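Beneath this line is the structure, given in structure tokens, with notes to follow.
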Amino acid sequence: MKDTQVDRRRRRGIALTFVCLATISWARQPSTGQGLPPPAPLIRENATVKLADHVWAIPDFNVGLVPNVGIIVGSKATLVVDTGLGPRNGDAIVREMKKVSANADVYVVTTHYHPEHSLGAGAFKGAKLLMTRIQQQDMTELGKTIQDAFASRSALNAELLNGVPYPTPDILFDREYRIDLGGVHARLLWRGPAAMHTRGDTMIFIEEDRVLFTGDVVMSQRVLAAQNTSSITTWLSTLDELAALRPATVVPSHGSIGDATLVSRDRAFLQMVQERVGELKRAGKSSDEAVAAVVADIAPKYPEWGNPSGAAAVARAAYAAAP
């Protein structure tokens with residue numbers, strides 16, 4: 001029995017290495033100029049914008065390790081989507097929230113376990129934190145390793161994340177959870193158990209305003225961030241479901257806020273990669289050859305997403321699952 005547990009720990013350690021390498025590679029953003037460091041991963045205050053009758057967002061301005069934050073305000077309660085990289089960022093979100101809401105009751109939902117989405121949660125005193133069961137499992141099994149990796153990237157990151165514990169949820173759910181905020185309803189969606197960006201990816205649809213917060217299941221201004229365990233098939237079916245909601249506004253975790261074309265564009269990319277990689281694998285080509293083809297031929301069709309090499313992880317995930 002002990003040998004089995006050791007083997008499991010070793011396999012988990014290998015998986016953690018792949019996850020962290022993939023995430024760190026994705027999170028790196030190009031510098032703002034030759035030789036200049038990237039912008040600090042800080043939520044920008046006094047930048048909150050109104051998206052719909054009940055919905056506000058704090059844009060990320062395409063800064064690495066800064067999420068697009070959502071603030072949904074009903075007559076009874078407020079919901080915040082994602083919390084920033086550590087309590088300092090969480091405090092900034094709280095200040096912005098109080099500018100648009102006087103509600104005493106606050107809910108917080110994290111789209112996934114990565115530090116820039118979850119580790120500012122401690123700033124929301126008295127709020128009720130919601131997450132899927134598998135996201136809590138991600139935090140327990142994978143959180144510390146990726147937190148340390150992010151902290152090692154800069155002195156500021158280390159300061160923001162120093163000693164910060166992963167949050168404890170007040171409400172756990174499977175598949176779906178609906179919140180009545182008073183005059184507006186938030187529908188929380190999880191579509192596992194297969195992983196997309198992570199195993200616990202959570203999406204939030206604001207029903208009356210038709211605003212969709214996608215987490216990293218939809219991206220803007222960068223390639224979708226897959227990992228070695230990602231299921232492209234699950235990702236495609238989830239994007240189909242999100243498109244069927246007919247959102248008027250789509251808020252990805254990172255990059256410019258847009259409309260439903262963000263969903264359809266990501267879906268077209270994944271479909272193209274899945275089909276091309278499948279053809280190459282059936283023709284006897286290696287994973288490296290399939291990756292090279294995707295990076296050379298498919299990724300450049302999406303220049304607004306940055307470096308085409310970012311598509312390598314998606315290609316490898318598609319290759320692993322291809323018949």
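The values are calculated or read from the model by the stated rules, or taken from the named source; none is laboratory data. All values derive from a computational prediction rather than experimental measurement. For neighbour counting, all protein chains shown are included, and Cβ atoms are generated from backbone atoms with ideal geometry for every residue, glycine included. Please note that ligands, DNA and RNA were not included when accessible areas were found on the heavy atoms of the full protein model with its side chains. Shrake-Rupley method; radii C 1.70, N 1.55, O 1.52, S 1.80 Å.
Observations on the model:
- Taking only protein heavy atoms and a 1.4 Å probe, the accessible area of the chain is 52% carbon and sulfur.
- Helical contribution to [θ] at 222 nm, DSSP H n ≥ 4, -39,500 (n - 2.57), averaged over the chain, rounded to 500: -12000 deg cm²/dmol
- Gaussian network model of the chain, springs between alpha carbon atoms under 10 Å - residue of ALA47, ALA283, ALA57 with greatest fluctuation: ALA283
- Cβ-Cβ FRET estimate between THR145 and GLU45, R0 fixed at 30 Å, reported to 0.05: 0.45
- Cα long-axis angle, helix 133-151 against the chain (0 to 90 degrees, to the nearest 10): 80
- Seen from a random direction on average, the alpha-carbon convex hull of the chain projects onto 17.1 square nanometres.
- q = 0.19, 0.23 Å⁻¹, the range 205-323: log10 I(q)/I(0) [Debye, one scatterer per Cα]: -0.94, -1.26
- As a size descriptor, the averaged projected area of the C-alpha convex hull of the range 145-255 was calculated at 8.7 nm².
- For the range 69-196, pairs of C-alpha atoms spaced more than 25 angstrom apart make up 24 percent of the total.
- For the range 111-178, trypsin sites (Lys or Arg not before Pro) are listed when DSSP marks them as loop and at most 15 other Cβ atoms sit within 10 Å of their Cβ; the list is LYS125, ARG175.
- In degrees, nearest ten, helix 232-244 long axis to first principal axis of the chain (Cα): 40
- Share, in percent, of DSSP beta bridges within the range 117-266 that are antiparallel, nearest 5: 65
- The residues of the chain have, on average, 43 Å² of accessible surface per residue, using a 1.4 Å probe with all protein chains present.
- For the listed residue pairs LYS50/LYS128; LYS76/LYS128; LYS50/LYS125; LYS99/LYS128, the alpha carbons are over 18 angstrom apart in LYS50/LYS128; LYS50/LYS125; LYS99/LYS128.
- Gained length - LYS285 relative to ASP170, 0.36 nm times residue gap less alpha-carbon distance: 36.6 nm
- Amide N of the range 195-215 lying under 15 Å from the label point, which is placed 7 angstrom from the Cα of ARG133 along Cα→Cβ: 200
- Pairwise Cα distances in the range 83-122 exceed 15 Å for 39 percent of all pairs.
- Sites ASP259 and ARG95 - FRET efficiency at Förster radius 51 Å, r taken between beta-carbons, to 0.05: 0.95
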